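Remarks on the structure that follows.
The values are calculated or read from the model by the stated rules, or taken from the named source; none is laboratory data. Because the structure is predicted, anything quoted here is derived from the model rather than measured. Cβ placement follows ideal geometry from the backbone for every residue including glycine, while neighbour counts extend to all protein chains displayed. Keep in mind that these areas ignore ligands, DNA and RNA; they rest on the heavy atoms of the full protein, side chains included. Shrake-Rupley method; radii C 1.70, N 1.55, O 1.52, S 1.80 Å.
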Amino acid sequence: MSDLQDRFRMTPGPTEVPDAVGERMTEPLPNPDVEPEFFEFYRDLTGKLAEVYYAGRDETGAPGGQDSPSDVVVLGGEGILGLEAAIASLVEEGDRVLCLSNGRYGDGFADFVESYGGEAVTCDVPWRETLEVEVVKAALERAADDGQPFDVATMVHCETPTGTLNDLEPILDLLDEHDVVSVVDAVSSLGGTAVPTDRIDVCLGASQKCFSAPPGLTTCAISDRAWDRIEAVETPEFYLDLEPWRMAADEEWFPYSHSTANLYGLDAALDLLLEEGMDSVFERHEEAARVCCEWAAELGLETYPDATEDCSPTVTALEIDGRAGELQDAMLAEHDIVLATGLGDLEDDVLRIGHMGHNARVDRVERTMDALADVLE
């Protein structure tokens, strides 16, 4: 087995980090609390992030009639921080939250809601399928008829453990009609495929997925409607409270010392994406996913999602009944390739190939699938 430097990582996050990102993180770092250069850098960074958030979209607004882009902020902490911070900042005792779920992270939102005293009403579909607009419509209408409308709704764009990509636009339009604040986990899709940011109140991303920067940062695009609700909610937390971030960059004061090296790495990663052009980036992900799925079919393997059109362009989840752990071990031992298995009950039945960010390249997918063919023999 080779050393870590030579290992080939095709996991759905954290992903392989390009050399330019690692090199940027070794540069001299300003003090994020007192040096003006840091605040200028941070504002420039969030401007680049906004370009990615709105890439592939015709509009740059937000729900609630907002015709200007959402504010983008970056928090110090891995992507799960953003999921909990959104709930901690938007939900208080007695609030009703519609939790749309077709997977592990959709279910996880309900746990966060209940931990902050909200009433989580889960609207779910089988994990092999994607969210259904008619089911959501019925839930919203039923709540309105009962005089118990929802305050907030949560959902996941790409369910990484099962490789599904949800079509959120019609659902988000429904929520806007009912004046429900939407929270979307786009951690595994942002930067790899178009995200309907202009329809989302709080859109969450993370550095270690399609950006191909190290883990450690959460990104958020937050609408005016969401900010208004955040300011009205009494948040029992400090580190998870989003409210101070609304004016942090303008006032040049952050709630805590920021993760400067990680921010430098994310900035370099964004430069790589924007220099390539987001249309090209999205096409690269689509092509990598297509090759992965076609090669899997040739090997007699099926994707975990029932329908091919529901498969994510950033991760392919293959159904491998009872052998996922065995194949993961063989890929590492025999080919120095790192893959991921499923999570929870699917740990030994699903094998996941991450073709996101730097890894979304046909030659990398071909090398991976060639090795998988070998260990399957």
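Table: residues versus (1) among the polar types (S, T, N, Q); (2) in the same structural domain as F112 (by the TED database); (3) within 28 Å of C158 (Cβ to Cβ).
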position: R7; (1), (2), (3): no, no, yes
position: E23; (1), (2), (3): no, yes, no
position: D33; (1), (2), (3): no, yes, no
position: G56; (1), (2), (3): no, yes, yes
position: Q66; (1), (2), (3): yes, yes, yes
position: V91; (1), (2), (3): no, yes, yes
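Do any residues in the stretch 230-259 that are farther than 20 Å from L81 by Cβ have Cβ atoms under 6 Å from those of residues that are surrounded by 15 or more Cβ atoms within 10 Å (Cβ to Cβ) and among the hydrophobic types (A, V, I, L, M, F, W, C), where the two are at least six apart or on different chains, and which pairs are they?
Note: pairs meeting the criteria are E252/F39.
Step by step: first the residues of the stretch 194-218, then only those that are within 15 Å of G13 (Cα to Cα) and hydroxyl-bearing (S, T, Y), then the one that is surrounded by the most Cβ atoms within 10 Å (Cβ to Cβ). Which residue is that?
S207
Would you pick out the residues in the stretch 88-110 that are open to solvent by 40 Å² or more (accessible area, probe 1.4 Å) and either out of contact with any Cys (no Cβ under 8 Å at 6 or more places or on another chain) or touching a residue at least 40 places away in the same chain (Cβ under 8 Å) (or both)?
Matches in the stretch 88-110: E92, E93, G94, R104, Y105.
Being closer than 25 Å to V281 by Cα and charged (D, E, K, R) is the requirement here; does E177 meet it?
Taking the combined requirement at face value, the residue does not satisfy it.
Out of the residues in the stretch 344-360 meeting the condition of being under 20 Å from S189 (Cβ atoms) and in contact with a strand residue (DSSP E or B) (Cβ under 8 Å, 6 or more places away or on another chain), tell me which one is surrounded by the fewest Cβ atoms within 10 Å (Cβ to Cβ).
Across the stretch 344-360, the extreme among qualifying residues is V350.
The rows are residues; the columns are (1) open to solvent by 40 Å² or more (accessible area, probe 1.4 Å); (2) in a helix (DSSP H, G or I); (3) more than 17 Å from D185 (Cα to Cα).
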{"residue": "L45", "(1), (2), (3)": "no, yes, yes"}
{"residue": "L49", "(1), (2), (3)": "no, yes, no"}
{"residue": "G56", "(1), (2), (3)": "yes, no, yes"}
{"residue": "L83", "(1), (2), (3)": "no, yes, no"}
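If you check E231, E251, E177, which single one turns out to be in contact with a helix residue (DSSP H, G or I) (Cβ under 8 Å, 6 or more places away or on another chain) and assigned by the TED database to the domain that holds G64?
E231
Condition check: touching a helix residue (DSSP H, G or I) at 6+ places or on another chain (Cβ under 8 Å), over 23 Å from D33 (Cβ atoms) and surrounded by fewer than 17 Cβ atoms within 10 Å (Cβ to Cβ). Does D279 satisfy that?
So D279 fails the test.
Here is a check on your reading of the model: is V113 open to solvent by less than 10 Å² (accessible area, probe 1.4 Å), part of a helix (DSSP H, G or I) and more than 22 Å from W227 (Cα to Cα)?
Spelling it out, it is not the case that V113 is open to solvent by less than 10 Å² (accessible area, probe 1.4 Å), part of a helix (DSSP H, G or I) and more than 22 Å from W227 (Cα to Cα).
Pick from V156, V136, V184: which is in contact (Cβ under 8 Å) with a residue 24 or more places away in the chain, of a type in the set (A, V, I, L, M, F, W, C), open to solvent by less than 10 Å² (accessible area, probe 1.4 Å) and out of contact with any Asp or Glu (no Cβ under 9 Å at 6 or more places or on another chain)?
After applying the criteria, what remains is V136.
A85 fails exactly one of the following numbered conditions: (1) under 20 Å from A317 (Cβ atoms); (2) touching a residue at least 60 places away in the same chain (Cβ under 8 Å); (3) among the aliphatic types (A, V, I, L, M). What is the number of that condition?
Only one criterion in (1) under 20 Å from A317 (Cβ atoms); (2) touching a residue at least 60 places away in the same chain (Cβ under 8 Å); (3) among the aliphatic types (A, V, I, L, M) is unmet by A85, namely (1).
Could you pull out the residue among A269, A296 that is part of a helix (DSSP H, G or I), open to solvent by less than 20 Å² (accessible area, probe 1.4 Å), out of contact with any strand residue (DSSP E or B) (no Cβ under 7 Å at 6 or more places or on another chain) and at pLDDT 95 or above?
Only one candidate qualifies: A269.
Using the structure shown, decide if D173 is in contact (Cβ under 8 Å) with a residue 12 or more places away in the chain and either open to solvent by 50 Å² or more (accessible area, probe 1.4 Å) or of a type in the set (A, V, I, L, M) (or both).
The answer is yes for D173.
Looking at (1) closer than 21 Å to A55 by Cα; (2) in a strand (DSSP E or B), which one does E286 not meet, given that it meets all the others?
(2)
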